[in-house]
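Please read the structure below before turning to the comments.
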Amino acid sequence: METKRIYIDSQTPEPEYIEEAAKLIQKGQLVAFPTETVYGLGANALDAHACAEIFKVKGRPQDNPLIVHVSNFDMVRSVTEDWNEQAKRCAEAFWPGPLTLVLPKTAFIPDTVSAGLGSIGIRMPSHPVALSLIEKAGVPIAAPSANLSGKPSPTNGIHVWKDLQGRIPLVLDGGACNVGVESTVLDLTGKVPMILRPGGITKERLEEVLGEVKVDHPSENQAPKAPGMKYRHYAPTGELYLLIGEREKILSRMTEAIQKAHSRLRKVGILCTLESASELHSQLPDLLFVLGSEKRPEEVAASLYEGLRLCDEQGIDVILAEGVSKNGLGFAIMNRLEKASGQKILYL
Ligand code: TXA
Ligand code: MG
């Protein structure tokens with residue numbers, strides 16, 4: 001299949017491009033589009049056949065449900081009948097935006113979308129392209145991140161192009177995504193709201209609106225409540241080690257590791273904060289990627305997947321990533337880095 005790539009204005013999307021994309025969605029085809037978090041691979045959420053195609057194209061495990069994206073509250077009511085007080089408060093505070101609410105689903109939503117669960121993840125994205133596409137299509141759009149399963153999520157049109165070119169009819173390329181990590185998935189089906197996946201809206205901000213909020217911490221013999229969280233997502237091909245602790249110790253361990261890897265003719269990539277960069281630069285790694293300042297976690301979040309993808313593109317064998325504080329957005333950043341490392345974490 002030939003894939004068309006349309007460069008679209010991310011602030012004021014051209015109506016003719018939105019119409020072209022919306023028609024494909026209505027015909028049961030797939031369209032990749034930007035959201036404020038990461039790019040989504042969208043299909044009509046009410047069309048089981050179209051949604052099944054998403055799983056095929058991504059190579060996504062069948063048991064991993066899709067998030068349904070809406071542009072107005074009539075759509076919300078068509079996908080859940082249980083729009084409770086907590087959901088209303090969350091929507092008022094954080095929608096449109098990077099928050100997915102898990103609620104009981106209606107019969108309109110095919111089992112393919114919910115992966116057989118009785119609940120559905122619902123999100124109203126704030127990206128103008130995403131919102132106008134859903135509105136024009138006139139149906140809720142089911143969309144996982146627009147990467148091949150297991151790869152880091154795409155935060156730029158070029159990432160989608162590299163992963164899905166030849167597999168889908170259209171990519172709307174609106175440039176870089178602002179947030180850079182996926183939405184927070186918040187389960188509102190229980191008594192106390194529970195974060196199933198940390199993301200763009202922090203626990204602290206949710207607590208301001210909801211009071212007590214729990215975090216799902218699956219143990220070894222217990223599956224995570226968001227099926228997708230059990231997979232080793234976000235992983236580059238190179239072996240990633242996550243280093244956590246005092247800066248001095250991290251710097252000296254990285255320096256040693258660079259020398260050791262080079263003596264074995266392996267390429268080393270460093271993902272670090274601005275504050276550590278000059279020290280590590282002088283150690284001559286094959287790639288030095290500055291994630292951003294440790295004082296601005298939003299910068300780190302926005303560049304993280306770009307850094308992971310760059311390591312792959314440059315054939316990096318060993319990736320050393322500097323951990324950041326788990327406060328605020330740092331919690332989501334560290335969750336992704338831990339997963340990317342396959343739990344190869346060094347506490348220094
Ligand atoms: O920011 C985002 O959320 C992006 C953009 C495109 O909106 N989408 C995204 O989708 O990250 P995906 O499919 O890559 O991740 C969805 C996550 C998975 O971990 C999935 O298991 C979980 O949300 N999820 C979806 N529906 C659920 C449900 N009903 N119950 C529990 N977890 C659910
Ligand atoms: Mg994903």
Exercise for review: Please state the charge dipole magnitude for region 213-272, taken about the Cα centre, from unit charges on C-beta atoms (+1 on K and R, -1 on D and E), reported in debye and rounded to the nearest 20.
Suggested key: 160 debye
Check your understanding: If we sort 94-102, 276-284, 52-60 on the protection proxy, mean other Cβ atoms within 10 Å, highest first, what's the order?
Key -> 94-102, 52-60, 276-284
Review point. For the chain, what are the DSSP H helices with axial Cα length of 18 Å or more and mean Kyte-Doolittle hydropathy of at least -0.5?
Key: 297-313
Revision key, fill the gap. Expected max-MSF residue from 155, 112, 189 in the GNM of the chain (alpha carbon, under 10 Å) is 189
Exercise for review: Measure out, as a whole number of angstrom, how far apart the alpha-carbon centroids of region 142-193 and region 1-47 sit.
Suggested key: 13 Å
Review point. What residues have an amide H closer than 5 Å to that of residue 4, excluding those fewer than 5 places away on the same chain, when H is modeled at 1.01 Å from N in the peptide plane?
Key: 170, 171
Point to revise | Cα pair distances exceeding 29 angstrom across the chain, given as percent | key: 39 percent
**Study point:** Candidates 12, 237, 37, ranked by Gaussian network fluctuation over the chain, Cα under 10 Å, top entry
**Key:** 12
Study note, to complete from the structure: Check: in region 188-281 the Lys pairs 8 or more apart or on separate chains whose Cα atoms fall under 29 Å apart number 11
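Can you give me the Rg/Rh ratio for region 191-347, using Cα atoms for both radii and the Kirkwood formula for Rh? Let's see the in-between values first.
On the way: Rg = 16.5 Å, Rh = 16.4 Å.
Dividing the radius of gyration by the Kirkwood radius yields 1.00.
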Point to revise | Amide proton proximity set for residue 267, modelled H, under 5 Å, gap of 5+ | key: 317, 318
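Can you tell me the order of 196-207, 253-264 when each peptide is scored by its average per-residue count of other Cβ atoms within 10 angstrom, highest first? Each step should come with its number before you reach the end.
Values: 196-207: 20.6, 253-264: 15.2.
Going from most to least packed, we get 196-207, 253-264.
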**Study point:** Gyration tensor over alpha-carbon atoms, region 5-95, equivalent ellipsoid semi-axes in Å
**Key:** 24, 20, 13
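About its Cα centre, how strong a charge dipole does the chain have in debye, to the nearest 20, once Lys and Arg get +1 and Asp and Glu get -1 at the Cβ?
Values: 38 positive and 43 negative charges, 170 e Å.
So the magnitude is around 820 debye.
Each reported figure results from applying straightforward, stated rules to the coordinates on display, with no laboratory input. It should be emphasised that the depicted structure is a prediction, and the values quoted were computed from it without experimental measurement. Note that each Cβ is placed from the backbone with ideal geometry, even for glycine, and that neighbours are counted across all protein chains shown.
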